[in-house]
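**Q** Let me begin by handing over the structure; questions about it come next.
The values are calculated or read from the model by the stated rules, or taken from the named source; none is laboratory data. Not measured: the values here are computed from a predicted model. Methodologically, a virtual Cβ is constructed for each residue, glycine included, from the backbone with ideal geometry; neighbour enumeration extends over all protein chains shown. Only protein heavy atoms, including side chains, enter the accessible area calculation; ligands, DNA and RNA are left aside. Shrake-Rupley method; radii C 1.70, N 1.55, O 1.52, S 1.80 Å.
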Amino acid sequence: MSATTHYINDLKQTGDFLTLSRANEWYLAPSEFTLANGTQVNVHDTGVIEFQPQSVSTKDIVLSSAIHGNETAPIEICDELIKQIITGELVLMQRVLFIYGNPQSINIGKRFVEENLNRLFNGHHTVDGIEMNRERERAAKLEGYVSDFFNRGGEDRIRCHYDLHTAIRGSKNDKFAVYPFLHGKPWKKSQLQFLLSCGVNTVLMMKSAATTFSYYSSFVHNADSFTVELGQVKPFGENDMSRFAKTRDTLSALISQNEVSYKDFNANDFELFEVHRSINRTAHNFSFPFSDDAENFTGFSKGELLATDGDLCYYADVEGEAIIFPNADVALGQRALLTVIPLHLTDNII
Ligand SMILES: O=C(O)CCC(=O)N[C@@H](CCC(=O)O)C(=O)O
Ligand SMILES: [Zn+2]
């Protein structure tokens, strides 16, 4: 029996694509098989598995996790869904591509191995004069798998990508999503309704291009795409999965139903923010005046110190300017802090 056949038999029985991916950190030979219910399964690489139902479908859905390896709750959600699909417990009605972004970083329990994968998309993996590393190679491959998945689906289908993360810090709004910059295109109520069903009522509207996975699939493939932050980072075994039941059930319905009904749109159900500014670390001595347990969405009074970057001090310039993703340890040149202010919905939403 060849090694490849051996992994297929195991995978068919257990559905445990997570363990298989973790055992093959950077490469897994492609393979394919068909489930008893007619769903076609294609393993493209380690961490990358596609399911195509036998019935006619309308949506092409990408669900990614482990773009940061220590963000375990989303990995556990996807692990459960993949197992249910392979063992036939969950019957798909839509095409789905699951991605575990960085299996080696799952194994070492770290955000990344050499370089933050979520700063390498949209072509930033390959830059003249910058040496390739495994994360850069992986980002290029992941773009390729997503392109191939959407292109094979065709233009006239609903495309979406939910890139599932957890935040390093606690957050006043425990679950929130980042809506990538749409270059003037309108935001979609239907997507906010979907997020609300996932238990996510807080959304940050970005106002510039990014190097993130969600921006890539939004910009390049016109997918409805989000980075979704599901609470605070915890090691495997320490997640209270009951906190993610709404997310898991909504994702399960999305992939296993023709159409899902959500609660009618009501702007009052949401807390919407726009990015006020992004502060990059440019100096070695970069610091925040607040403690490591200051939560995302903590607001500051106008004039209060937000960050010190070498000789440069940043002060809140509007009342209530709130902090998101503060991280003084990022590489030089990278985003160390986002600040947000409340967004009042105008007519740029359909
Ligand atoms: O909590 C943190 O500091 C980071 C959590 C995280 O990984 N967030 C994503 C957000 C991506 C986006 O802006 O769409 C990231 O920083 O990559
Ligand atoms: Zn993350």
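**Q** Only one of G303, G333, G310 is open to solvent by less than 30 Å² (accessible area, probe 1.4 Å) and at positive phi. Can you tell me which?
**A** Unique residue meeting the criteria: G310.
**Q** How do the pairs read when you match residues in the stretch 1-23 that are within 12 Å of Y100 (Cβ to Cβ) and assigned by TED's automatic domain parsing to the domain that holds I67 with residues anywhere that are modelled with pLDDT under 95 and surrounded by 14 or more Cβ atoms within 10 Å (Cβ to Cβ), using Cβ under 7 Å and keeping only pairs 6 or more apart or on different chains?
**A** Sorted first by the residue in the stretch 1-23, then by its partner, the list stays empty.
**Q** Name every residue in the stretch 16-36 that is open to solvent by 20 Å² or more (accessible area, probe 1.4 Å) and among the small types (G, A, S), in order of residue number.
**A** A23, A29, A36
**Q** Of the residues in the stretch 54-71, how many are buried (at least 19 other Cβ atoms within 10 Å of the Cβ), out of contact with any helix residue (DSSP H, G or I) (no Cβ under 8 Å at 6 or more places or on another chain) and of a type in the set (V, I, T)?
**A** Qualifying residue count for the region: 0.
**Q** With the stretch 21-93 as the region, which strands (runs of 3 or more DSSP E) entirely inside it contain at least 1 residues that are over 19 Å from the mean Cα position of the chain (by Cα)?
**A** On the way: elements: 31-34, 40-45, 48-52, 59-65.
Qualifying strands (runs of 3 or more DSSP E): 31-34, 40-45, 48-52.
**Q** Select, from L90, L117, the only residue that is more than 16 Å from S64 (Cα to Cα) and buried (at least 18 other Cβ atoms within 10 Å of the Cβ).
**A** L90
**Q** Also, I was wondering about something else. In the stretch 131-142, which residue that is open to solvent by less than 50 Å² (accessible area, probe 1.4 Å) and under 22 Å from D329 (Cα atoms) is farthest from ligand 1 (Cβ to nearest atom)?
**A** Out of the qualifying residues, it is N133.
**Q** State the number of residues belonging to the stretch 241-256 that are open to solvent by less than 80 Å² (accessible area, probe 1.4 Å) and either within 16 Å of Q191 (Cβ to Cβ) or away from ligand 2 (no atom under 16 Å from the Cβ) (or both).
**A** The number of residues fulfilling the criteria is 11.
**Q** Being open to solvent by 30 Å² or more (accessible area, probe 1.4 Å), part of a loop (DSSP other than H, G, I, E, B) and either away from ligand 2 (no atom under 16 Å from the Cβ) or small (G, A, S) (or both) is the requirement here; does D128 meet it?
**A** On the way: open to solvent by 30 Å² or more (accessible area, probe 1.4 Å): yes; part of a loop (DSSP other than H, G, I, E, B): yes; either away from ligand 2 (no atom under 16 Å from the Cβ) or small (G, A, S) (or both): yes.
Taking the combined requirement at face value, the residue satisfies it.
**Q** Here's something else I'd like to know. If I go through the stretch 83-118 residue by residue, how many of them are within 14 Å of ligand 2 (Cβ to nearest atom) and among the polar types (S, T, N, Q)?
**A** Result for the stretch 83-118: 4.
**Q** Working only within the stretch 1-15, note down all residues that are open to solvent by less than 40 Å² (accessible area, probe 1.4 Å) and within 27 Å of the chain's Cα centre (by Cα). Let's see the steps before the verdict.
**A** Taking the stretch 1-15 and keeping what is open to solvent by less than 40 Å² (accessible area, probe 1.4 Å), we get 7-8, 11, 15.
Those that are open to solvent by less than 40 Å² (accessible area, probe 1.4 Å) and within 27 Å of the chain's Cα centre (by Cα): L11, G15.
**Q** Could you check, for the stretch 281-298, whether at least one of its residues is in contact with a helix residue (DSSP H, G or I) (Cβ under 9 Å, 6 or more places away or on another chain), not acidic (D, E) and either not assigned by TED's automatic domain parsing to the domain that holds D148 or not in a loop (DSSP other than H, G, I, E, B) (or both)?
**A** no
**Q** Something else: Looking only at residues in the stretch 149-178 that are hydroxyl-bearing (S, T, Y) and under 11 Å from the mean Cα position of the chain (by Cα), which one is nearest to ligand 2 (Cβ to nearest atom)? Quick ask: steps written out before the conclusion?
**A** Taking the stretch 149-178 as the starting set, the residues that turn out to be hydroxyl-bearing (S, T, Y) are 162, 166, 171.
Okay, now just the ones that are also under 11 Å from the mean Cα position of the chain (by Cα), so 162, 166.
Numbers: Y162: 13, T166: 7 Å.
The residue in question is T166.
**Q** Look at T282 and say whether it is touching a Gly at 6+ places or on another chain (Cβ under 9 Å) and surrounded by 13 or more Cβ atoms within 10 Å (Cβ to Cβ).
**A** Taking the combined requirement at face value, the residue satisfies it.
**Q** Next up: Given the stretch 143-233, what strands (runs of 3 or more DSSP E) lie entirely inside it while holding 3 or more residues that are free of Cβ contacts under 8 Å to residues at least 60 places away in the same chain, within 14 Å of ligand 1 (Cβ to nearest atom) and closer than 20 Å to L97 by Cα? Walk me through how you get there before you give the answer.
**A** Details: elements: 158-167, 175-179, 202-205, 224-232.
Qualifying strands (runs of 3 or more DSSP E): none found.
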